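S.K.: Below: one structure in structure tokens.
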Amino acid sequence: MKLAEALQERADLLNNIDQLKRRMMSNVLVQEGEDPAEDPVALKKEFDGSIERLTVLVAAINKTNCLTVLDGKSLTRLIAEKDSLSEKLSAYKDVAYSASQAAHRARNTEIKILTTVDVKKWQAEIDAMAKQLRLLNNRLQRCNWETDLIED
């Protein structure tokens, strides 16, 4: 199995676990004399099996990410860099958006609101980070499809 396939299975499992949890919750109480739409015990068994599979899969994904090296860095390191860059990009976009809204007068008064940052410079930096993030995502995706999952 390729790492990308394991990541897809993990996402499917997480969705399935969430659905099973909701289905169990909606079938544990019924009106006296009525039967639940689904058997909570059977749902519990399916839920437990999905949790067990998720545990094995996450351990294998984590091990693979730690041991696989791309451009001199582990996938774990590259994923951390991607997450950090994504967070930074989001914050910079928010600041640039907020700063670009400042070209108006507050509440029709004579007080003029001015920006404290050079929006054009920020936007150039945002564009460069967005490209860097896109390229990093592409490299990670390619590696995920080329890398075999390391299972115990």
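S.K.: Do you know which residues across the range 39-55 are surrounded by 13 or more Cβ atoms within 10 Å (Cβ to Cβ), within 21 Å of residue 3 (Cα to Cα) and either in contact (Cβ under 8 Å) with a residue 60 or more places away in the chain or charged (D, E, K, R) (or both)?
M.R.: Of everything in the range 39-55, just one residue is surrounded by 13 or more Cβ atoms within 10 Å (Cβ to Cβ), within 21 Å of residue 3 (Cα to Cα) and either in contact (Cβ under 8 Å) with a residue 60 or more places away in the chain or charged (D, E, K, R) (or both), namely 53.
S.K.: Name the one entry in 55, 76 that is at pLDDT 95 or above, among the hydroxyl-bearing types (Ser, Thr, Tyr) and outside the structural domain of residue 146 (by TED's automatic domain parsing). Talk me through it step by step, then tell me what you get.
M.R.: On the way: 76 fails: outside the structural domain of residue 146 (by TED's automatic domain parsing).
Exactly one residue qualifies, and that residue is 55.
S.K.: Which one of 3, 14 is surrounded by 12 or more Cβ atoms within 10 Å (Cβ to Cβ) and either polar (S, T, N, Q) or out of contact with any Ser or Thr (no Cβ under 8 Å at 6 or more places or on another chain) (or both)? Break it down into steps so the answer makes sense when it comes.
M.R.: Values: 3 fails: either polar (S, T, N, Q) or out of contact with any Ser or Thr (no Cβ under 8 Å at 6 or more places or on another chain) (or both).
Of 3, 14, the one residue that is surrounded by 12 or more Cβ atoms within 10 Å (Cβ to Cβ) and either polar (S, T, N, Q) or out of contact with any Ser or Thr (no Cβ under 8 Å at 6 or more places or on another chain) (or both) is 14.
The values are calculated or read from the model by the stated rules, or taken from the named source; none is laboratory data. Keep in mind the model is a prediction, meaning the values are calculated, not measured. Cβ: placed from backbone, ideal geometry, glycine included. Neighbour counts: every protein chain shown.
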